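First the structure, in the form of structure tokens, and then the observations on it.
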Amino acid sequence: MIGQSLPRLEDGRFVTGNGRYTDDIQIEGQLYAAFLRSPHAHARLGGIDIAEARAGLGVIAVLTGQDYLDAGFQGIDHHPNPTDAVHYTEASFANSLTGSIFAQRHLPLAVDKVRHVGEPVVMVIAQTALQARDAAELVSVDYEVLEAVVRIEDAMRPGAPQLWGGALGNVCFTVDSGDRAAVQEIFSNAAHVVRREFLNSRTVNSQMEPRAAIGLVDQDTGVYTIISGSQGALRVKQSIANALMVPAEKVRAISPDVGGGFGARTPMYVEQLAVVWAALTVGRPVKWTGDRSEAFLSDYQGRDALMRAAMALNSDGKILAIEHEWIGNAGAHAISYVSMSNGPRVLSSVYHVPAIVSRVSAVVSNTVPTAPYRGAGRPEAMHVMERLLDIAAREMNIDRVEIRRRNVISRDRLPYLTPTGQTYECGDFAANMERVLEMADWNGFPARREASRARGMLRGIGMANYLEAPVGIPRERIEMTVQPDGVIDIIAGTLSQGQGHETTFAQVVAHYLGVPVGAIRLRTGDTDFVRGGGGTHSDRSMRLGGTLLVRASTWIIEAAQAAAAEMLDTPDVKFEGGAYRDAASGRSADLFAVAHYIAGHGMPHERSIRSLARTEEFVGRIPAHPTGAVVCELEVDPETGTVTLLDYSSVDDVGRPINPMIVDGQIHGGLAQGIGQALSEGCYVDTGTGQVLSGSYMDYGVPRAGAVPALRIELTEDPTALNPLGVKGGGESGITPATAVIFNALGDALRDYGSDELAMPAVAAVVWQYIHRASPNN
């Protein structure tokens, strides 16, 4: 069962329109909420006149941020500083040069100041959604517009307007690591040094399902309920309890079907808190469904990091050291520093780098807050490393493949400890690279380049290796019950946003327990029965949840053995093919029959136990390093600057794939997101006013199907020994090397026009200007 490309069990209801998303849910007596959002990026709030709105048709209440504070509540504590990748009881950034790590509580409605366009200022509750929106437009707010900063460099300049008192100079933290003096000595004696600055562009998180939330409060029980798509219901539950200062057992969080997450639905949103507060205030359920225009101004966004990097090499092109500075743009509120924690740890990728020194910082700015976005720092790190290698190869007149061969970590050096503390225990990095070159016919490229040139086109090819180090919340819980009626019930703390958990979890359990996949029921996303777990992000669901599935299955087989022997009246039974068998008599009982026997008679060792059930929990880290290699081939039209991807080859080691078809789909989706960031998804904000210039899909270029080239994907299995399934993770494999390999191919296509870094995204106008600023060298 494991390793088979079974069709997804959940797809039947999705493709027939029977999914159950938040907006599909209607609660009797529900009201509707709308938000008046700030039109300014930075402004001091004066008077707020709600009289006309309050008198609007169907309006029940009009609420402000001061109302929330007057009720005695507090904002969301996002805990932006993640737990350390190894010492999970510690914070990642615990030794700040600035003396503290900035964090602030995030209020559902702005008080005193607004700090980004789209920040909620007033909430209107009405009988219908349209009435609420109409009334919100009647609110009058007196804004004192302040100077805004949106770029990292502007936020850090002396005299820049300050967003928060706790972030001096708009800097959230600054942390150094590595032996700077030793690395500087290496650089001073190196045969060659390359230096570059990379701006990893901001992305809009374009989920299929717009955000929505329903809040309700049971007046009899005092239970607060939040229904909203997320990447982990328990985090939502705890955030609501903390903000409204009620015991956690008085909060129920429900995440039904979720149409995409990509990291941005891991943290809490203020609208989720606001609808619960509103329901408490008006005594009726309150529902809010955002539209795409709101999403561009309020959904947490991704990336936006400035990286300054230098690589020192000897005369043979072998890497001696890397010096690196990473500055992340947190936006207006400190939601998460996860990307800044993850990326620098894997900067050396699959290469032998003797020494690394880094400085990591984050700044606040008058932009939509950022959060983890698929890969969360790993794609940014791979972009830096692979671009530096291509640049070094060009400057040192070394073949691009050859410089990688000279630096890649050979299999016989494993386990390998990196300067940043990562231990690679398995993976054939060199073999992956050679295989993808073969798949892409790298050696046949010169002829294809000449054919393109004859048509007036510029053709380029690029390659990149990659490596990940997925982390995530360090706790998970699985409850498994074999029911007498022929169902194995699984409750998991993980939560699917499209990854196919209903199928892959069933495949694992069916493999170990020998039952049909259709007999397995997975329940998630409701804290009424989900009592523990960390949700889904960072390739953690099968790595942690799968480990617990194996443990629970193994325990159930062993625990039921005595009951099966008693049931069959024989001491010698063996479990195989989903049943306990007595070889001598030929009698057998399947797992469900044994569960039925236990329900009636109890366990032989303890008659009061009348269910075949097991709970498994884990707290800690289960490391893994998915890895692989990619090649991209593209053409540039010099007349228009249009870039067309022609071919893409990928070799991916995700460990042991539970369902290869699902892994392929994950790689396809990740690649599409990487293509978008590299070539079309421009999240543009006016640097003077902070106004959003790409606030709809008319302006923001999510790639269409035609932008994705022919894909050749090959999974190579090098299972890790650190978990019983041997899985490493495949959710981020497609996106991790994507921008790096596309920019390497683009640099190759434009090699006659200079060696400066192209802006990301490399839209047609950027490429055209790059080509036409000067004549070719030949």
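The values are calculated or read from the model by the stated rules, or taken from the named source; none is laboratory data. Note that this is a predicted model, so its numbers are computed, not measured. Cβ atoms come from the backbone with ideal geometry, glycine included; neighbour counts cover every protein chain shown. Heads up: the accessible areas ignore ligands, DNA and RNA and are worked out on the full protein's heavy atoms, side chains in. Shrake-Rupley method; radii C 1.70, N 1.55, O 1.52, S 1.80 Å.
General observations
- Options [x] 221; [y] 178; [z] 207 - which one matches volume of the Cα convex hull per residue in Å³ as calculated here: [y]
- Charge context of A710, other residues only, Cβ under 12 angstrom, K/R +1, D/E -1: -1
- If you sort D756, D291 by accessible surface, 1.4 Å probe, largest first, the order is D756, D291.
- Y684 accessible area, assembled protein chains, probe 1.4 Å, Å²: 100 Å²
- R751 accessible area, assembled protein chains, probe 1.4 Å, Å²: 100 Å²
- With K and R counted +1 and D and E -1, the other residues having a Cβ less than 15 Å from that of D582 yield a net charge of -2.
- Residue-by-residue Karplus 3J(HN,Hα) for segment 452-463, coefficients 6.51, -1.76, 1.60, Hz, glycine and proline x: 5, 4, 5, 9, x, 10, 9, 10, x, 9, x, 9
- Length-normalised contact order of segment 448-561 in % [C-alpha pairs under 8 Å, at least 6 apart]: 31 percent
- Reciprocal mean inverse distance between Cα atoms of segment 82-175 - Kirkwood radius, Å: 16.7 Å
- Cα centroid separation - segment 182-211 against segment 544-590, whole Å: 54 Å
- Of the residues A559, L495, V141, the one whose Cα sits farthest towards the positive end of the charge dipole of the chain is A559 (charges of +1 on Lys and Arg Cβ, -1 on Asp and Glu Cβ, taken about the Cα centre).
- Rolled with a 1.4 Å probe across the full set of protein chains, the surface gives V114 an accessible area near 0 Å².
- Placing a pseudo-label 7 Å from each Cα along the Cα-to-Cβ vector at H668 and A599 gives an inter-label distance of 4.1 nm.
- Those lysines that a straight Cα-Cα span of less than 28 Å connects to K250, excepting residues fewer than 8 apart in one chain: K237, K287
- Evaluating 6.51 cos²θ - 1.76 cosθ + 1.60 at θ = phi - 60° for every residue in segment 341-356, the Karplus couplings come out as 7, 6, x, x, 5, 10, 4, 6, 6, 9, 10, 7, 10, x, 8, 9 Hz, glycine and proline recorded as x.
- Whole-angstrom Cα spans of segment 238-346 along principal axes, big to small: 73, 34, 27
- Once the convex hull of all Cα atoms in segment 673-778 is built, its volume per residue stands at 192 Å³.
- Charge tally in the Cβ shell below 11 Å around V62, where Lys, Arg are +1 and Asp, Glu are -1, V62 excluded: -2
- L320 long-range amide H proximity, modeled H, under 5 Å: A312, L313, N314
- Taking the chain and dividing mean pair separation by its residue count, relative contact order in percent (alpha carbons under 8 Å, at least six apart): 15 percent
- Maximal additional length on extending the E606-R413 stretch stands at 64.3 nm, based on 0.36 nm per residue less the C-alpha distance.
- Using 0.36 nm per residue and subtracting the Cα-Cα separation, the extra length available between A181 and E757 on full extension is 204.5 nm.
- Whole-Hz couplings from phi, Karplus 6.51/-1.76/1.60, listed for segment 601-610; x for Gly and Pro: 10, x, 6, x, 7, 7, 5, 6, 8, 10
- Among beta bridges from DSSP that stay inside the chain, the antiparallel ones total about 80%.
- Counting only Cβ charges, +1 for Lys and Arg and -1 for Asp and Glu, the dipole size of the chain around its Cα centre is about 480 debye.
- Using just its DSSP H runs of length 4 or more, each adding -39500 (n - 2.57), the chain gives a mean residue ellipticity at 222 nm of -8500 deg cm²/dmol after division by all residues.
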